[in-house]
1. Can you tell me which residue within segment 219-249, out of those that are at pLDDT 95 or above and part of a loop (DSSP other than H, G, I, E, B), is nearest to residue 187 (Cα to Cα)?
2. Checking residue 388 against (1) assigned by TED's automatic domain parsing to the domain that holds residue 445; (2) in contact (Cβ under 8 Å) with a residue 40 or more places away in the chain; (3) farther than 25 Å from residue 302 by Cα, which test does it fail?
3. Do we find that residue 140 is in a helix (DSSP H, G or I), more than 34 Å from the chain's Cα centre (by Cα), surrounded by 19 or more Cβ atoms within 10 Å (Cβ to Cβ) and in the same structural domain as residue 70 (by TED's automatic domain parsing) in this structure?
4. In segment 365-378, what residues are touching a helix residue (DSSP H, G or I) at 6+ places or on another chain (Cβ under 6 Å) and either over 14 Å from residue 413 (Cα atoms) or free of Cβ contacts under 8 Å to residues at least 40 places away in the same chain (or both)?
5. Scanning for something surrounded by fewer than 20 Cβ atoms within 10 Å (Cβ to Cβ), in a helix (DSSP H, G or I), out of contact with any strand residue (DSSP E or B) (no Cβ under 8 Å at 6 or more places or on another chain) and free of Cβ contacts under 8 Å to residues at least 12 places away in the same chain, does segment 347-364 turn up at least one residue?
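The values are calculated or read from the model by the stated rules, or taken from the named source; none is laboratory data. Given the structure is predicted, the values throughout are model-derived calculations rather than measurements. Because the Cβ atoms are built from the backbone with ideal geometry, glycine has one as well, and the counts that use them run over all protein chains shown.
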């Protein structure tokens with residue numbers, strides 16, 4: 001996806017899927033649970049006459065809705081051109097007065113279809129609300145608390161359409177409420193309408209103002225937590241990666257992505273996915289992360305992170321496949337060229353820094369290199385001890401014995417080669433954390449923790465190294481390491 005033209009094309013394709021087939025509010029191709037339910041709702045027409053006879057709606061509302069419901073697209077368009085305010089007044093009245101779930105489902109589906117038919121209709125609601133000196137959002141926000149989940153999510157779609165298609169953007173207070181609501185839906189366990197929540201977010205993040213607001217409510221973290229889950233299907237992977245892709249069109253937001261650990265997560269999905277649209281959107285996101293940031297150091301960090309996460313190997317495998325989508329072909333070529341260039345410029349410290357920042361520690365050669373630590377130990381002090389703090393955080397949070405072993409080893413090497421290292425480590429609280437691993441169930445973790453603790457306490461490293469030998473695979477550690 002080479003640029004904003006592709007951005008518009010993909011958005012258009014998504015919207016085309018949602019348009020009704022034929023004349024009237026016909027059945028649509030169901031690509032989510034909500035659309036499947038909406039097809040059932042459309043098939044059960046409302047008896048408007050009974051509501052008129054029961055004096056639950058006015059003759060004026062009845063005359064409009066009964067005709068609008070049965071009309072084809074041309075007649076509906078003519079009705080709205082003749083009296084757009086009656087369109088808004090009718091639906092507001094129905095939403096506020098009808099309590100029955102089944103009828104309200106039908107009203108909201110009809111309204112959602114009408115807005116999808118012509119985006120300009122959202123402004124009829126804005127103008128009507130302004131004339132009545134009421135909030136255009138309140139009637140729909142109230143429905144977000146209903147027990148009927150179809151009503152909830154059909155309302156959320158309408159809110160998103162008014163927010164995105166109106167001439168005026170959503171005000172800050174209501175925007176914050178809506179984006180927080182979407183974020184909570186993404187994080188809700190076993191949410192059967194997750195696709196609809198993600199679709200609402202896909203619409204919202206087309207607009208730069210809304211992107212910033214979503215970041216401000218910690219929305220990226222919510223997306224990452226869902227993508228990192230083990231039970232996410234390919235459709236949600238596509239939709240939420242699409243949201244990240246939208247965010248990366250803003251250069252400043254693209255520069256922030258490193259802090260959310262997005263590249264390792266997307267690299268994992270890329271390596272496992274068999275769906276072309278998931279591959280396409282991940283490659284497009286990776287391209288933006290290399291193309292959009294203005295800070296060259298951040299671009300290099302992104303490139304090195306991709307290299308560390310073995311994206312080059314995935315690109316090589318993808319190059320062997322035939323793609324009809326020219327965007328994929330172009331993105332593959334771009335990423336290959338950029339990452340190969342980054343590898344050529346890679347220093348041992350760049351390699352180490354990228355590995356630590358990825359959180360995926362392994363016994364790569366730099367960890368065991370005396371020369372590396374002699375030349376670079378002091379560099380762990382850079383950026384307010386950024387890399388050391390990451391190592392400490394990994395020791396605090398990781399459950400992986402390999403990561404724990406390498407992190408403990410590196411802290412020991414830092415102390416060994418940096419004269420004031422012991423003081424720094426104690427200030428960061430790492431000494432106490434490392435000592436906790438002296439009784440870890442994994443022998444390699446125990447061993448590396450023991451060596452690191454010894455380095456914090458003694459000075460004769462060469463003598464220590466001769467006295468203690470590393471444990472062999474699947475063999476117990478010496479009794480000292482078990483202490």
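1. So the residue we want is 248.
2. The one condition residue 388 does not meet is (3).
3. Considered against the rule, which asks whether it is in a helix (DSSP H, G or I), more than 34 Å from the chain's Cα centre (by Cα), surrounded by 19 or more Cβ atoms within 10 Å (Cβ to Cβ) and in the same structural domain as residue 70 (by TED's automatic domain parsing), residue 140 comes out as no.
4. Once the filter is applied, which keeps residues that are touching a helix residue (DSSP H, G or I) at 6+ places or on another chain (Cβ under 6 Å) and either over 14 Å from residue 413 (Cα atoms) or free of Cβ contacts under 8 Å to residues at least 40 places away in the same chain (or both), segment 365-378 yields 366, 372, 376.
5. no
For (1) crowded, with 21+ Cβ neighbours inside 10 Å; (2) part of a helix (DSSP H, G or I), each residue gets a yes or a no:
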{"residue": "125", "(1), (2)": "yes, yes"}
{"residue": "131", "(1), (2)": "no, yes"}
{"residue": "146", "(1), (2)": "no, no"}
{"residue": "153", "(1), (2)": "yes, yes"}
{"residue": "161", "(1), (2)": "no, yes"}
{"residue": "174", "(1), (2)": "no, yes"}
{"residue": "178", "(1), (2)": "yes, yes"}
{"residue": "199", "(1), (2)": "yes, yes"}
